[in-house]
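Heads up, the thing below is written out as structure tokens.
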Amino acid sequence: MAQLLRLLLEWGPLVVFFVANAKGGIMVATAAFMVAAVVALPIYRKLDGKWPVMPLVTCGFVLVFGGLTLWLNDETFIKVKATIIYLMFAVALAVGIALRRNLLAHVLVGVDMDQDGWRRLTVRWTGFFLLLAAANEVAWRFLTTDQWVAYKSFVVIPLFVVFSMAQVPLILKHQTPEAEGSGTPDGGA
């Protein structure tokens, strides 16, 4: 049940954005997205017992760029937000690789892998975020607003799911021995 709730918290604000855009346009969708992102944070906190880093960062960007979108009545800001978030995550992961810091382990709590597995997974996610940033730049510049929202909803979300699922074999291959035999997500600790 906690995993289902976590999934709803991650994708719920985007679903709210899509539905609100269909009903009231991009400005209504932006306001609804901002509210949904803020509402999700205390639920994450209650679920995990701490403030989650990625949702906090994402919510901050949603509030800043959503606020600019509404204040200046310019939808460009909410469209560019995605590019900036994807680039920020890619850069953070690349810096983690360079500094030999395992930043993904802080996000993928409960996954125990050897260092080679973490490095490979981090490289893959870095590339994926760079690809998403480039694709978003093309999409928001060449698609209508409704087409861009549909792209975010029906292309990006499924891509995240498919890409995440495609990483399972790597994770399983590089699991640490303690994690394989423990039966607990934290490796038995």
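Name the single residue, out of those in the range 148-185 being closer than 16 Å to ASP114 by Cβ and either part of a loop (DSSP other than H, G, I, E, B) or touching a Ser or Thr at 6+ places or on another chain (Cβ under 9 Å) (or both), that is modelled with the lowest pLDDT. Looking at the filtered set, the residue picked out is THR176.
Of everything in the range 108-137 that's on the phi < 0 side of the Ramachandran plot and not in a helix (DSSP H, G or I), which residue is surrounded by the fewest Cβ atoms within 10 Å (Cβ to Cβ)? Among those residues, the one meeting the criterion is VAL109.
Among residues of the range 13-25 that are surrounded by fewer than 21 Cβ atoms within 10 Å (Cβ to Cβ), those with a Cβ under 9 angstrom from a residue that is of a type in the set (Lys, Arg) and assigned to a helix (DSSP H, G or I), sequence gap 6+ or separate chain, pair up as LEU14/LYS152; PHE18/LYS152. The set of residues from the range 67-81 being in a helix (DSSP H, G or I) and within 16 Å of ASP146 (Cβ to Cβ) comprises THR69, THR76, ILE78, LYS79.
Which residues, counting only those in the range 116-173, are farther than 24 Å from LEU7 by Cβ and among the β-branched types (Val, Ile, Thr)? Hits for the range 116-173 are VAL123, VAL138, THR144, THR145.
Quick grid of which residues meet (1) touching a residue at least 12 places away in the same chain (Cβ under 8 Å); (2) farther than 19 Å from ILE26 by Cα; (3) not basic (Lys, Arg):
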{"position": "ASN73", "(1), (2), (3)": "yes, no, yes"}
{"position": "THR76", "(1), (2), (3)": "yes, no, yes"}
{"position": "LYS79", "(1), (2), (3)": "yes, no, no"}
{"position": "TYR86", "(1), (2), (3)": "yes, yes, yes"}
{"position": "ALA90", "(1), (2), (3)": "yes, yes, yes"}
{"position": "ALA94", "(1), (2), (3)": "yes, yes, yes"}
{"position": "ILE97", "(1), (2), (3)": "yes, yes, yes"}
{"position": "ALA105", "(1), (2), (3)": "yes, yes, yes"}
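Could we say that ALA37 is in contact (Cβ under 8 Å) with a residue 24 or more places away in the chain, in the same structural domain as PRO158 (by TED's automatic domain parsing), within 13 Å of the chain's Cα centre (by Cα) and part of a helix (DSSP H, G or I) here?
No; evaluated as a whole, the condition is false for this residue.
If the condition is being touching a residue at least 24 places away in the same chain (Cβ under 8 Å) and either of a type in the set (A, V, I, L, M) or loosely packed, with under 14 Cβ neighbours inside 10 Å (or both), then the range 49-66 contributes VAL53, MET54, VAL57, VAL62, LEU63.
Residues that are more than 17 Å from PRO177 (Cβ to Cβ) and of a type outside the set (Phe, Trp, Tyr) within the range 106-126 comprise HIS106, VAL107, LEU108, VAL109, ARG119, ARG120, LEU121, THR122, VAL123, ARG124, THR126, listed in sequence order.
The values are calculated or read from the model by the stated rules, or taken from the named source; none is laboratory data. Model, not experiment: these values are computed from the prediction. Note that each Cβ is placed from the backbone with ideal geometry, even for glycine, and that neighbours are counted across all protein chains shown.
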